[in-house]
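Asks: To start, I am sharing the structure in question, which I have written as structure tokens.
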Amino acid sequence: MSKKRDVAVGDRVVFVSSTDPYTRLVRGVRGNVVGIDCTGTVFVDWEDGSSLGMVTAAGDVFQVVDDEENR
């Protein structure tokens, strides 16, 4: 996992947890950041087909994955 840093469109991320009781995402699923809105919601296209937006202010947790981890 990477050290804490700002997330940007195009970053690769890994799901840790969510406060959404209906999500089917499981810890460790990876995805690509496709957008960030003005409220800070990070929209991710997850490898499992989900497109859950992550709201860190509400307790959702993900981590940016360094390029070296993708090789």
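The values are calculated or read from the model by the stated rules, or taken from the named source; none is laboratory data. Note that the structure is a prediction, hence the values are computed from the model and not measured. Positions of Cβ are generated from backbone atoms using ideal geometry, with glycine treated the same way; all protein chains shown enter the neighbour counts.
Asks: So for the range 38-54 (the condition being in a strand (DSSP E or B), modelled with pLDDT under 95 and either closer than 14 Å to Asp66 by Cα or under 11 Å from the mean Cα position of the chain (by Cα) (or both)), does at least one residue qualify? Working first, answer last.
Replies: If we filter the range 38-54 for residues that are in a strand (DSSP E or B), which is where we start, we get 42-46, 53-54.
Retained after the next criterion (residues that are modelled with pLDDT under 95): 53.
Now drop any that are not either closer than 14 Å to Asp66 by Cα or under 11 Å from the mean Cα position of the chain (by Cα) (or both), which leaves 53.
Yes, that holds for at least one residue.
Asks: Those residues that are closer than 20 Å to Asp6 by Cα, surrounded by 13 or more Cβ atoms within 10 Å (Cβ to Cβ) and either of a type in the set (A, V, I, L, M) or touching a residue at least 40 places away in the same chain (Cβ under 8 Å) (or both), I need them from the range 19-60; list them, please.
Replies: Scanning the range 19-60 gives Val29, Val33, Val34, Ile36, Val42, Val44, Leu52, Met54, Val55, Asp60.
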